[in-house]
Amino acid sequence: MAEADLSRRQFLNVMVNAVGAGITAILAVPLAGYFLDPAMRKAGGAKNWVKLGAASELTDMPKVYNFQTMRTEGFMKQQVNAAAYAFMDGDKPRAISNTCTHLGCPAGWNADKSEFHCPCHGGVYDKTGKNIGGPPPRPLPAFNAKIENGDIYIEV
Ligand code: FES
């Protein structure tokens, strides 16, 4: 009888330890990813230079370029379509995002008024992306831009 009780106790100990080890393993993988992910990323947030096109196409007026980039949200990483407006500011290339800083709609360049207009709630930006009307709280985000080997690149 004592032998059977001991076996039952041993069995329960093994089962409790096994369940505990399983729960620990299930929790350890996402926790390890959470803590190690920042260390595994490239310094500076894993930015890349994306070629938009020939620099000879640039004028002092914004020109739209469409490109694809990787976007990370939580653990999801996916390729998304994006747009940038590029122009020459004197001898320097400049590029800005068309993502409205109000609620994220795509703003478009209105050449007749020399302004960016957001179709969603009437946000208005000047040529440099500065918010000058409507609800947007901030300027359009700027990209780092450079010309290399005759092409314009932006950092995304
Ligand atoms: Fe652009 Fe609201 S999303 S003005």
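If you go through segment 85-127, how many residues are among the charged types (D, E, K, R) and either assigned to a strand (DSSP E or B) or at pLDDT below 95 (or both)?
5
Just name the residue that is nearest to GLU57 (Cα to Cα) out of those in segment 98-154 that are acidic (Asp, Glu) and surrounded by 14 or more Cβ atoms within 10 Å (Cβ to Cβ).
ASP151
Does segment 44-56 include one or more residues that are of a type in the set (A, V, I, L, M), modelled with pLDDT under 90 and surrounded by fewer than 10 Cβ atoms within 10 Å (Cβ to Cβ)?
No, every residue in segment 44-56 fails to be of a type in the set (A, V, I, L, M), modelled with pLDDT under 90 and surrounded by fewer than 10 Cβ atoms within 10 Å (Cβ to Cβ).
Looking at segment 76-87, I want the residues that are farther than 19 Å from PHE116 by Cα and have a partner that is assigned to a strand (DSSP E or B) and of a type in the set (A, V, I, L, M, F, W, C) with Cβ atoms under 9 Å, at least 6 apart or on another chain. Which pairs are those?
Between residues of segment 76-87 that are farther than 19 Å from PHE116 by Cα and residues that are assigned to a strand (DSSP E or B) and of a type in the set (A, V, I, L, M, F, W, C), the close pairs are LYS77/MET70; GLN78/MET70; GLN79/MET70; VAL80/MET70; ASN81/PHE67.
How many residues does segment 131-145 contain that are part of a strand (DSSP E or B) and under 20 Å from the mean Cα position of the chain (by Cα)?
Counting residues in segment 131-145 that are part of a strand (DSSP E or B) and under 20 Å from the mean Cα position of the chain (by Cα) gives 3.
When segment 115-156 is examined, which residues are found to be among the aromatic types (Phe, Trp, Tyr) and closer than 20 Å to MET70 by Cβ?
PHE143, TYR153
The values are calculated or read from the model by the stated rules, or taken from the named source; none is laboratory data. Only a predicted model underlies this, so the values are computations on that prediction, with no experimental measurement involved. Glycine gets a Cβ as well: all are built from the backbone with ideal geometry, and neighbour counts include every protein chain shown.
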